1. For a protection proxy built on the mean count of beta-carbon atoms within 10 angstrom, sort 95-103, 137-145 highest first, please.
2. Need the full-extension length gain, Ser104 to Ala33, defined as separation in residues times 0.36 nm minus the C-alpha distance. One decimal, nm.
3. Cut-off under 17 Å on the C-alpha distance; same-chain residues fewer than 8 positions from Lys64 excluded. Which lysines are left, in chain and number order?
4. How would the range 8-147 be classified by its alpha-carbon gyration tensor: rounded, prolate or oblate, with rounded meaning a/c under 1.5 and the a/b versus b/c comparison settling the rest?
5. Report the paramagnetic label zone for Glu20: residues of the range 46-73 whose backbone N is under 16 Å from a point 7 Å from Cα along the Cα-to-Cβ axis.
Amino acid sequence: MPQSLARNLIHLVTSTKNREPLLTPGFREAMFAYLAGILNALRCPAVEVGGVADHVHVLFLLAKTIPLCDAVEEVKKESSKWAKENGGPPHFYWQAGYGAFSVSPRNQARVVRYIARQEEHHAAATFQDEMRGMLEQAGIEYDERYVWD
């Protein structure tokens, strides 16, 4: 095939360091917009960004020219720097790791709704419970000792 074609829809989940509630309501919306902007600049169009005080969910299309780990590193590095320079907590950091899950095109609308309803979802579930469920549903083996930082 002379042309390279790809469509990798990624559901990224990452927490603030030690799950500190640093994403306050006013700051959160600005952070979500900034995260989308970073991804768009990387040619990884953001589809939906949402979350709560201690973590974010980002649904985006991974560009065929950039490895996932590089896109995530850039998003976390640039948004952390931006937070410190633009009214966020001076000690703002993301956790070292992240969860990234592939999403089927037929499930895109469901994941968008899930991300948009994070406040509602977390009225009944913790971040840890949510991540355990996502990891198990994706068939990812993990060791509890190394998942949380």
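Bear in mind these aren't lab numbers, they're just calculated from the coordinates by the rules spelled out. Because the structure is a prediction, the values reported are computed rather than measured. For neighbour counting, all protein chains shown are included, and Cβ atoms are generated from backbone atoms with ideal geometry for every residue, glycine included.
1. 95-103, 137-145
2. 23.1 nm
3. Counting by Cα, and skipping residues close in sequence, Lys64 has no lysines nearby.
4. It is rounded, given that a/c, with a ≥ b ≥ c, falls under 1.5.
5. Hits in the range 46-73 for Glu20 at 16 Å: 53-56.
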